[in-house]
1. Helix-only estimate, please: 222 nm mean residue ellipticity of the chain, summing -39500 (n - 2.57) across DSSP H runs of length 4 or more and dividing by its residues, to the nearest 500.
2. Compute the Rg/Rh shape ratio of segment 223-279: radius of gyration over Kirkwood radius, all on alpha-carbon atoms.
3. Which peptide among 48-56, 18-26 comes first, and what is the full order, when sorted by highest mean count of other Cβ atoms within 10 Å?
4. For segment 48-159, what is the accessible area per residue in Å² when the probe is 1.4 Å?
5. Sorted from largest down, what three extents in whole angstroms do the Cα atoms of segment 392-472 have along their principal axes?
6. Work from the charge dipole of the chain (Cβ charges, +1 for Lys and Arg, -1 for Asp and Glu, about the Cα centre) and give the residue of 71, 20, 250 farthest towards its positive end.
7. Past the 22 Å Cα-Cα mark, which pairs from 92/344; 212/337; 417/440; 193/241; 337/432; 193/451?
8. Once all Cα-Cα distances of segment 405-447 are split into 10 Å bins that start at 0, what whole-number percent is in each one?
Amino acid sequence: MNAPAIDIARLTEGLDPRAWSTDEADIATHVRDWRGRYTGHTPLLFKPGSTQEVSRILAACNAARIPVQPQGGLTGLVGGSAPFGEAVISMKRMNAVREIDTANESATVEAGVVLETLQGKAKEAGKLFPLSLGAQGSAMIGGLLSTNAGGVHVLRYGMMRDLVLGLEVVLPDGRVLSGLSGLRKNNTGYDLKQLFIGAEGTLGVITAATLKLFPRPASTAVALAVVDDPHGAVSLLDHLKNETGGAIAAFELIQSFAMELVCRHVPGARNPLAGNPAWMVLIELTSAEPERASAMMETALESAFAQGLISDAALAQSEAQAASFWALREGIPEGEKAHGRSAKHDVSVPVSRMADFMAEATRDAEAMIEGSRVIAFGHVGDGNVHFNVAAREEGAGEEFVAKAAPATGHIYDLVDKYGGSISAEHGIGILKQEELVARKPVEVEVMRAIKAALDPNHIMNPRVIFGAGGKA
């Protein structure tokens, strides 16, 4: 889609001067994706401070047929936030926590609230907002909703869409869909909020949300354990669920090469397990009783050791040590990035089939790409694995990603074979749109029909999911 010339004076007429910018230095921070793969351009950056300003901006852009690119914290990983001529709408000024309702266990927040801020506000109120991921210091609620973010606690609390009670959304023509609600039960027709969660800004701009809060656990235990392979990890997960009555909050698989890159490139990182084992799992469990979590973890690990499910383990003895264990897992993307470019695959398969998928995909990918090595890690508890193919030697660039393209297609074929999804939690963006269109033709046809109904002028983030594509 070729964007028409932008009449800046017309589009900004009557807006607060703080609500827009054409300053090149200001714009420069809004045209590049986190991975550095996509760098775009825009002549106009909108910075609305209210839902009413978002409404005026969209109404004006829709009337002029100007495409727009909504943005949150710019932590996306599939190129969905890099503009290529569209006007950008940054939500960073809409950052108010409107209400914390402890009795209803809900929080109403604006789209520009940073995840870590919401976590802190919930903690101050004695509650928990359970979404947790590596980019939580930058990622904003609007973007997390628009991409249906996952993170490390999906096993216990579900995806972002599972945490939403209501949304406030500005439609492409400027009308406001006011659906903020703290209701758990509301069967008044279609559940419209779900249309916008995971839509990647293609149907409207999310301006605020009412989200679920939870009781804070009285105790938490974190451990690293050694397993033989991914099959052993799946068996251990089933064992721990049964032993703890479902108290497992997170269960993350870490491969030795991933751990090696973290310890090499992330300052202060150190593996507490001797010998950098081939496969490790990071386990977190919680309890409503003080000190109960550690006791449950010790008992569960002892029985797992007795049954041969683990060969070694390290149980965090303090909050600081638990945080250092988590830092190892969260540091993997940073370690990968320092190592060089790689072909990344955020995929999911049923937990029961994950180990078989990983074995077959690893064998085939490393055979197809000379000098490659798979970096596999992720959320085994919910069937999501980050299955990345990297060069064995440091310093690989885009040429390696291009060389890996045939393997990417094959990996996605295996995902289909094992009944999985080519995007577990990162979305489609620009990066995966060709694969989506090719593999899900009926679903794409339905999505196009929904977009045509809500956005007939095709102004909302037109390049992503099934759009025209971007330039790398």
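1. One gets -10000 deg cm²/dmol as the mean residue ellipticity at 222 nm.
2. A ratio of 1.03.
3. 48-56, 18-26
4. 32
5. For segment 392-472, the Cα extents along the three principal axes come out at 49, 30, 19 Å.
6. Positive-most Cα among the choices belongs to 20.
7. As for pairs spanning more than 22 Å Cα to Cα, those are 92/344; 212/337; 193/241.
8. 25, 62, 12
The values are calculated or read from the model by the stated rules, or taken from the named source; none is laboratory data. Because the structure is a prediction, the values reported are computed rather than measured. Note that we place each Cβ from the backbone using ideal geometry, even for glycine, and neighbour counts take in every protein chain shown. Heavy atoms of the whole protein, side chains included, go into the accessibility calculation; ligands, DNA and RNA do not. Shrake-Rupley method; radii C 1.70, N 1.55, O 1.52, S 1.80 Å.
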